[in-house]
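Below is one structure, written out as structure tokens; the observations come after it.
Each value in this text was obtained by applying a stated rule to the coordinates, not by laboratory testing. Bear in mind that the values here come from a model prediction, so they are computed numbers and not experimental data. For neighbour counting, all protein chains shown are included, and Cβ atoms are generated from backbone atoms with ideal geometry for every residue, glycine included.
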Amino acid sequence: MSEPVHEGGCLCGGVRYAAAGNPWNLCYCHCASCRRAAGAGSVPWGTFARARFRISRGTLAEYRSSAHVVRGFCSTCGTALTYRNEQRPEEIDVTLPTLDEAARFEPRMHVWAAEKLPWVVIADGLPQHAGGAGG
């Protein structure tokens, strides 16, 4: 039995990716860095095995947003696509809304809720972590 392959990409279609297996750490991130990188009140993420992730079209532009973090995006339309933390080298996080079948993966928690914007109300009943998952 083969594992599922999930495809996705940016707004303009210039960057496409494929990730084998199912994501874990499905979450909404409220940290200031993610919010600014995506221009959103929070960012839904899912984690995939980095060895099972590949760019299938175009080139992923990258930006080092902090000492251990590299964010991937489309250099044409600006869509935020990936997050790599060098302290977790076997993993890559993907913005869930960029998956072709984004509705299949619903976030299960909120992380960095201590940094959420004051006008964001979390009322979905999901667990909230002040910092990262478990924090």
Q: Output the residues belonging to the range 1-37 that are surrounded by 12 or more Cβ atoms within 10 Å (Cβ to Cβ), among the hydrophobic types (A, V, I, L, M, F, W, C) and in a loop (DSSP other than H, G, I, E, B).
A: Cys10, Leu11, Cys12, Val15, Cys31
Q | Search result, residues across the range 49-87 that are under 15 Å from Pro97 (Cβ atoms) and hydrophobic (A, V, I, L, M, F, W, C) | A | Phe73, Cys74, Cys77, Ala80, Leu81
Q: Would you check if Ala40 is loosely packed, with under 12 Cβ neighbours inside 10 Å and among the aliphatic types (A, V, I, L, M)?
A: no
Q. Looking at the range 43-66, which of the residues that are among the small types (Gly, Ala, Ser) and within 19 Å of Glu115 (Cα to Cα) is surrounded by the most Cβ atoms within 10 Å (Cβ to Cβ)?
A. Ser65
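Of the residues in the range 55-104, how many are in a strand (DSSP E or B) and in contact with a Pro (Cβ under 9 Å, 6 or more places away or on another chain)?
Summing the residues that are in a strand (DSSP E or B) and in contact with a Pro (Cβ under 9 Å, 6 or more places away or on another chain) in the range 55-104 gives 4.
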